There are 2 protein chains.
Amino acid sequence: MSDTDTKFETEMNRGFLQVLVLVVLEEAMYGYMMLRKFEQLGYKVEESTLYPLLRRLEKYELVESKWDVSADRPKKFYEISEKGRRIRQKLLKIWQQQDFILKNLSQEDI
Amino acid sequence: MSDTDTKFETEMNRGFLQVLVLVVLEEAMYGYMMLRKFEQLGYKVEESTLYPLLRRLEKYELVESKWDVSADRPKKFYEISEKGRRIRQKLLKIWQQQDFILKNLSQEDI
DNA sequence: TGACATACTGTGCGAAATACAGTATAACGT
DNA sequence: ACGTTATACTGTATTTCGCACAGTATGTCA
């Protein structure tokens, strides 16, 4: 596995991770919980990638957060907003369109 | 269509466009030709996005280029390399995995 | 008591998408 | 003949992302 490989593989995260987070946040979750969930799905994400993404999504009001201090450690729960749902729909549509194009063009090569 | 929308939609290009270019370059093509092709597929790409991407792919030896000066205007033809094919396979596999995860998680919301 | 898991924040770097500007030729309509 | 549009590419500056790395703090378990 050369360095070039990881370089290009990394780029595959950007769009996908946005959508993935917006999808799972239909149900309220906190950062560390998502990291575990993604790992179970066979998709490892770095803490230093997810946490800034969550803050960014909140900054643009696609998600809302509230601290839960009732348990052992304080946890910051995130949940998708109405705006987030609207944008998620658009992003999922883009994804499907891209998937359609890719499947059609690459079926002879796979 | 707010500004936030485009901001997040933009991120959807990155991984996809890499793969798309590597797929179509199984057949030799030049930049402007790809722009037209993508447009026909319903997927508009900016010149200022595609050209730097092609240079980058060449820099990392995923594609090779040669100038064709026989026609009216000089055209820079690109074609995928062996290294490019190897990496394309990995990226396509990542795409499929991501698509699988997304379809499973979001089927109840779509 | 010392390592590991949990749970988050903050800073800095390299690289990518795009805007914008520029170069140059060919095809076209008027 | 002349201006506009299409063709075909290069180069620079800006913004923002992914991630490495560092740091803070509490809980669990050998």
Out of the residues in region A:37-58 meeting the condition of being in contact with a Leu (Cβ under 8 Å, 6 or more places away or on another chain) and near DNA strand C (Cβ under 9 Å from one of its atoms), tell me which one is farthest from the other protein chains (Cβ to nearest Cβ).
A:E47
Do we have B:L62 as within 14 Å of DNA strand C (Cβ to nearest atom), closer than 25 Å to A:Y43 by Cβ and either exposed (fewer than 14 other Cβ atoms within 10 Å of the Cβ) or at the interface with chain A (Cβ under 8 Å from one of its Cβ atoms) (or both) here?
yes
Matching option when the condition is out of contact with any strand residue (DSSP E or B) (no Cβ under 8 Å at 6 or more places or on another chain), surrounded by 13 or more Cβ atoms within 10 Å (Cβ to Cβ) and not polar (S, T, N, Q), among A:R73, A:R55, A:R88
A:R55
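One line per residue, one yes/no per condition, for (1) among the aromatic types (F, W, Y); (2) surrounded by 14 or more Cβ atoms within 10 Å (Cβ to Cβ); (3) facing chain A (nearest Cβ under 10 Å):
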residue	(1), (2), (3)
B:D68	no, no, no
B:Y78	yes, yes, no
B:S81	no, yes, no
B:I94	no, yes, yes
B:I101	no, yes, yes
Picking from A:M34, A:M29, A:M12, the residue that is over 10 Å from the mean Cα position of the chain (by Cα), within 13 Å of DNA strand C (Cβ to nearest atom) and under 19 Å from A:W67 (Cα atoms) would be A:M29
Can you tell me which condition A:G15 does not meet? The list is (1) away from every other protein chain (no Cβ under 12 Å); (2) surrounded by 17 or more Cβ atoms within 10 Å (Cβ to Cβ); (3) of a type in the set (G, A, S), and all the others hold.
(1)
A:V23 passes all but one of the listed conditions (1) farther than 27 Å from B:D3 by Cα; (2) facing another protein chain (nearest Cβ under 10 Å); (3) among the hydrophobic types (A, V, I, L, M, F, W, C); (4) more than 8 Å from DNA strand C (Cβ to nearest atom); the exception is number (1)
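Here, each number is a calculation from the coordinates, and none is a lab measurement. None of the values given here were measured: they were computed from a predicted structure. Here the Cβ is made from the backbone with ideal geometry for all residues, glycine too, and neighbour counts use every protein chain on show.
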